[in-house]
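Report on the structure given below.
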Amino acid sequence: MEIVEAIRTRKSIRKFTPTPVPKKTIREILEIASRAPSAENTQPWEFIVVSGEVLDTLRQKNVEKVRNFEFPPEEMSHLMIERPKGSVFRNRQIEIAKQLFSLMEIPRKDMLKRAEWLERGFRYFDAPAAIIIVAEKTLSIQGTYLDVGSVTQNICLAALAYGLHTCIENQGITYSDVIRKVAGIPDSKRLTAAIAIGYPDWDFPANQVQSEREPIDHIITWRG
Ligand SMILES: Cc1cc2nc3c(=O)[nH]c(=O)nc-3n(C[C@H](O)[C@H](O)[C@H](O)COP(=O)(O)O)c2cc1C
């Protein structure tokens, strides 16, 4: 697949078919993605690939937590921060939620359906595999997130060449206590991102979503 086409067609997929993804394929994708640039070639990323029973246990334990309205551990509290009301960021967040709820026919006030929707992310959107990206805590947070961002996007783009789709998701790392225990991730590693990966179920309404972008001229400043 041509690079520009891949960038333009990548989108977040929120339901996958149960078809397993061969470990060999995920390995190839990660090998390609790890060509990502990083500050001074530090390559802070490490990948924990979860599937099968381990992933099923993660789904079950995450859902238990969310049903009990449990707060995430302190180390993940940065994921809970709300964007200021009226800000462009909050408005964009609302817009994508509206689009998804409309496609899924979830009325704004239907708390049951909303809760069911929320759980999907904690189930890794029923993907056959998920990639948890971690990095040593000894590295600076700022540098780590920029580097992990580039490898994360590479994974999502490289996956497309194999007919695979993805959803990057904070929900997938929210209950870090569960993930550490079930996937065997020590406290010395920072949980930076989760990516659900698999073959998309195109019959699932939310997979038709096309997120919007700010017109590019609104966000470019030319000097000189
Ligand atoms: C860091 C990060 C965290 C995200 N977390 C979630 C998540 O927890 N649940 C979810 O449904 N989507 C999540 N997304 C997907 C975004 O909602 C999505 O990228 C955005 O709406 C733009 O849509 P697109 O990816 O289809 O272009 C996340 C994306 C990023 C980059």
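With a Förster radius of 22 Å applied to the beta-carbon distance between Arg8 and Arg83, the computed FRET efficiency rounds to 0.25.
Once you've got the GNM for the chain with C-alpha springs shorter than 10 Å, pick whichever of Val88, Val49, Val182 has the biggest mean-square fluctuation. The residue that fluctuates most here is Val88. In the context of the full set of protein chains, residues of the chain present 60 Å² of accessible surface per residue (probe radius 1.4 Å, heavy atoms only). Given the options Ala39, Ala158, Ala135, state which has the largest fluctuation in a GNM of the chain using a 10 Å cut-off (strictly under) for Cα springs. Checking each option, the largest mean-square fluctuation is seen for Ala39. Does the range 185-224 classify as rounded, prolate or oblate by the C-alpha gyration tensor (a ≥ b ≥ c root eigenvalues; a/c under 1.5 gives rounded; else a/b over b/c gives prolate, otherwise oblate)? Judged from the Cα gyration tensor, the range 185-224 comes out oblate (a/c at least 1.5, b/c at or above a/b). Pairs from the list Lys109/Lys189; Lys85/Lys109; Lys85/Lys113 with a Cα-Cα gap above 28 Å: Lys109/Lys189. Summed over all non-identical Cα pairs, the Kirkwood treatment of the range 124-224 gives a radius of 15.8 Å. Taking Glu212, Glu46, Glu75 as the candidate residues, the one with maximal mean-square fluctuation in a Gaussian network model of the chain, Cα springs under 10 Å, is Glu212. With contacts taken as Cα pairs under 8 Å and at least 6 residues apart, the chain reaches a relative contact order of 38 percent.
For the chain, DSSP calls about 95 percent of its internal beta bridges antiparallel.
Judged by the gyration tensor of its Cα atoms, with axes a ≥ b ≥ c, the range 1-55 is oblate; a/c meets the 1.5 cut and b/c is at least as large as a/b.
Of the residues Ile155, Ile96, Ser12, the one whose Cα sits farthest toward the positive end of the charge dipole of the chain, with +1 on the Cβ of Lys and Arg and -1 on the Cβ of Asp and Glu, is Ile96. Volume of the convex hull of the range 164-210 (Cα atoms only), normalised per residue: 100 Å³.
Computed from the alpha carbon atoms alone, the convex hull of the range 1-110 holds 223 Å³ per residue. In the range 18-64, the portion of solvent-accessible area held by carbon and sulfur atoms comes to 51 percent [1.4 Å probe, whole percent, DNA, RNA and ligands not counted]. For Lys23, the aspartates and glutamates whose Cα comes closer than 15 Å to its Cα, not counting residues fewer than 8 places off in the same chain, are Glu31, Glu53.
How large is the translational diffusion coefficient of the chain in µm² per second when you combine the Kirkwood radius over alpha carbon pairs with Stokes-Einstein at 20 °C and 1.002 mPa s?
115 µm²/s
Remark on the range 53-145: Rg and Dmax equal 16.0, 45 Å (Cα only).
Remark: the Phe69-Ala97 segment gains 8.1 nm on full extension, using 0.36 nm per residue and subtracting the alpha carbon distance.
All Cα-Cα separations within the range 63-108 were binned at 5 Å from zero, giving a P(r) of 5, 17, 14, 16, 26, 18, 4, each value a whole percent of the pairs.
The values are calculated or read from the model by the stated rules, or taken from the named source; none is laboratory data. Note that the coordinates shown come from a computational prediction; the quantities given were computed from them, not determined experimentally. No Cβ is skipped: glycine too gets one built from the backbone with ideal geometry, and neighbour counts run over all protein chains shown. Ligands, DNA and RNA are excluded from the accessible area calculation, which covers all protein heavy atoms including side chains. Shrake-Rupley method; radii C 1.70, N 1.55, O 1.52, S 1.80 Å.
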